[in-house]
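Read the structure below first, then the notes.
Nothing in this text is a laboratory measurement; each read-out follows from the coordinates by a stated rule. Bear in mind that the values here come from a model prediction, so they are computed numbers and not experimental data. Here Cβ is always computed from backbone atoms with ideal geometry, including for glycine, and neighbour counts include all displayed protein chains.
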Amino acid sequence: MIPIRFPTRVVNIGTVPLGGSNPIRVQSMTNTDTLDTNATVAQAIRMIDAGCEYVRIAVPGIMEAENLRNIKNELHKRGYKTPLIADVHFNPNIAEIAAAIVEKVRINPGNYVDRKKKMLDAGYWMLDKNYNHELEEIARRIAPLISICKEHGTAIRIGTNHGSLSDRIMERFGDTPEGMVESALEFARICRGFDFHEFVLGMKASNVRVMIAANRLLVERMKEEQMNYPIHLGVTEAGSGEDGRIKSAIGIGSLLADGIGDTIRVSITEDPEKDSGGIWNSSGNRRSHHENGIYLMPFLCPHLIQYPGCPGKSKNPHRSPQRFKNRRDGLHRQWPGGNGRCRLRLCRRRKGKGDVVQTTGTGKKECG
C-alpha cells in the first residue's frame, strides 16, 4: 500500500516551490570558503548540474553574508538561477543581511538567540517566569528577520539539531526528540504570531533513531496545533561511502515511506555534488517515480556491502556479491534490531524456488 504524503502548505523558495503537491526537493551544501566567490560558484554549479534544486551555503560571519550577493550575481551571469540558502548560526545580524540577498535562511533555534547560558542555578529554566521571559526575548530578537523576509520574499528554515539544543530546552525536556520538536515549534509559534508562514521545519540528528522519532513526533504535534509546514529531512554527519549512504537511507527512507518529508539532504563527507548523485540519468531526466504525491528516489535505496555465500546453494560463493548486485529484486529493511543495533535485511528470491538468503547486522546468515 502506497502511504499518503503528509499534506503540507506550499512555501515559495525563489522559483522552486516546496511542499504541497510539489516533488520532494533535493539540496546540498557547499564546503568552500564562502569568501572565495569563484570556488563557491564553481562548486555550486557542479551541485546544480548533479541535480541539486537548492544550494545551501555556510555563512559564519558578516563578510560571508555580504559576499552572498557576489556569489548570486555570478551564478546568474552564468545562467544558474537555482535558489540559494544561507546557513546561519549564533548571530541574528548575519541572518538579517543574508535574508535580503538569498531565497532562504536557515537558523538554528538552539543557538540563534537562546544560547547556552552559564552560571545559572539548577532549576532556573524550570520556573515559568524565566522560561517565558526568554521566549519573549526570542520573539523580540527574531522580529527584524521576519520583517526583512516579508519584504524580500525570503523563506526561513527552523532547523533543530539534536547536538545543539539550548540549556533552556535541555533542562525542561532533556536530550530528547520531545526537546527537539518543542525547540522548533516555539519559533514556529512566534512566526505565526507575526503572521509569517513562509517557513520550513527540520529535525536533524546523527543518531538515526532520534532523527526518525523526532520527525514523526513533529508531524503529530503539528496536527495537534493545526500546522502543516513543509519538513526538511536529513541525517546530520552521516559519514562517507556506503556507511553514510546506508545511514541516510534508513533515516530518510523510513520517513519518506511514512509519507513525511518535502526536501532532503544526504549529508556525506564527500564532495557535495555526490550528495544528490543517482537521481538523474545520462539523458538528464530525473529518475523519480511519482505515486500518490510521493517521489521515490533510487539513490535512497541502501547498497549491499557484503553478501556471504550460502553453503550448499552456490558452487562459487565468491561470485555471490556481484551476482546479487546485478540481479537482486528484493530489498527489505528491518530496523531497529532487538539488541539496539541497526540491521539491514537483504533478500533475494530465486527463480521458481522462493528460497531467501538473509544477512543481518550481526553477520549471521540464514537460509530459508
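Observations on the structure shown:
- Stretchable slack from Asn228 to His152, in nm (0.36 nm times residue separation minus alpha-carbon distance): 25.1 nm
- Theoretical FRET efficiency, 1/(1+(r/R0)^6), r = Cβ-Cβ of Glu136 and Ala100, R0 25 Å, to 0.05: 0.45
- In terms of surrounding Cβ atoms within a 10 Å radius of their Cβ, Ser147, Ser28 rank from fewest to most as Ser147, Ser28.
- J(HN,Hα) series, region 32-47, from Karplus relation 6.51 cos²θ - 1.76 cosθ + 1.60, nearest Hz, glycine and proline x: 7, 6, 5, 6, 8, 4, 4, 5, 5, 5, 4, 5, 4, 5, 5, 5
- Neighbour counting of Cβ atoms within 10 Å sorts the residues Leu35, Leu84, fewest neighbours leading, into Leu35, Leu84.
- Derived scalar couplings ³J(HN,Hα) [region 177-193; Karplus, 6.51 cos²θ - 1.76 cosθ + 1.60; whole Hz; x for Gly, Pro]: x, 4, x, 4, 5, 5, 4, 6, 5, 4, 5, 4, 5, 5, 4, 5, x
- Placed amide H near Arg106: partners under 5 Å, 5+ positions off or other chain: Ala86, Asp87, Val88, Arg157
- Nitroxide proxy distance, nm - points 7 Å out along Cα→Cβ at Thr269 and Asp49: 2.7
- Region 10-77 - charge dipole about Cα centre, Lys and Arg +1 at Cβ, Asp and Glu -1, debye rounded to 20: 200
- Between Ala257 and Thr15, the modelled label-to-label distance comes to 3.7 nm, taking each label 7 Å out from Cα in the direction of the beta carbon.
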